[in-house]
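Questions regarding the structure given below will be posed in turn.
The values are calculated or read from the model by the stated rules, or taken from the named source; none is laboratory data. Quantities reported herein were computed from a predicted structural model and do not represent experimental measurements. Please note: Cβ atoms are built from the backbone with ideal geometry, for glycine as well, and neighbour counts cover all protein chains shown.
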Amino acid sequence: MGPAISPYFDPLGDGDEAYDRGAGPPRRAAREEAEAEAARREEAEDDGGAMSLDARRLRARHATEGYRDGIAAGKAGSIQGGFDGGFELGAHVGLRAGRVLGLLEGIAAALRGRGGGRGGPLADAAAAAAERLLADAAAELTTDAVFAEEYWTPDGSWRYSVTPREGADSAVAVALSDVAGQHPLIAKWEGLATREIERWGLN
């Protein structure tokens, strides 16, 4: 005697059929038996048996496959939309982080050229400080740190507060550049980079 089959028919199946069309005969047989049982129950309950057993099986199968196709199409659309939105926001954040690192690297390189014993102890100290600042920024502005759960929800929304720029229409959602610029790590390091630019009189 084979394993007991539940009389309950789950229209979603066990979830494997949508991805594994090559399910083995025991699983297929159990599924067909469950569909047949569901069809027999519907026949007894609904219209007094006006619809044949095969027609009921076919209807149940088509309903199940149609539901799965709808779920698959919905997932494809939402995944693409989520990717597009996440990619654009990630690009804004990444560009701001890269700009900060580029500025600090340029400052460190310029001061390194003035140091090396040629510019005296003050130039050497300034070059060493710029190198340390660059190393700290590179350690904090990693992808893992910038996109950590501390700053983002699982659906890609930001956890930190973002206010629109002055003069922006408050009825309109905040711009992605605002979200990127007000990221706590980006804002911190942009402030430090600006301070260095002003300190060394760079344009």
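When only residues in region 139-190 that are part of a helix (DSSP H, G or I) and exposed (fewer than 12 other Cβ atoms within 10 Å of the Cβ) count, which is modelled with the highest pLDDT?
From region 139-190, those part of a helix (DSSP H, G or I) are 139-140, 143-146, 176-181, 184-190; that's our starting set.
From what's left, exposed (fewer than 12 other Cβ atoms within 10 Å of the Cβ): 139, 143-144.
Working: A139: 96, T143: 93, D144: 93.
Among residues in region 139-190 that are part of a helix (DSSP H, G or I) and exposed (fewer than 12 other Cβ atoms within 10 Å of the Cβ), the one modelled with the highest pLDDT is A139.
Next up: For a quick check of your reading of the model, give me the residue pairs whose first member lies in region 179-203 and is in contact (Cβ under 8 Å) with a residue 24 or more places away in the chain, whose second is polar (S, T, N, Q), with beta-carbon atoms closer than 6 Å and at least 6 apart or on different chains.
Here the result reads none, with nothing in region 179-203 linked to a residue that is polar (S, T, N, Q).
From the list A63, A34, A44, A109, which one is part of a helix (DSSP H, G or I), more than 30 Å from G156 (Cβ to Cβ) and modelled with pLDDT under 65?
Numbers: A63 fails: modelled with pLDDT under 65; A34 fails: modelled with pLDDT under 65; A109 fails: modelled with pLDDT under 65.
Unique residue meeting the criteria: A44.
Also: Please verify whether region 118-133 includes one or more residues that are closer than 30 Å to T153 by Cα, part of a helix (DSSP H, G or I) and modelled with pLDDT of 90 or more.
In the first step, residues of region 118-133 are kept if they are closer than 30 Å to T153 by Cα; the result is 133.
Of the ones still in play, those that are also part of a helix (DSSP H, G or I) are 133.
Going one step further and asking which of them are modelled with pLDDT of 90 or more, we end up with 133.
Yes: one or more hits.
Let me spell it out: the conditions are (1) at pLDDT 85 or above; (2) exposed (fewer than 12 other Cβ atoms within 10 Å of the Cβ), and N203 meets all of them except one. Which number is the exception?
(1)
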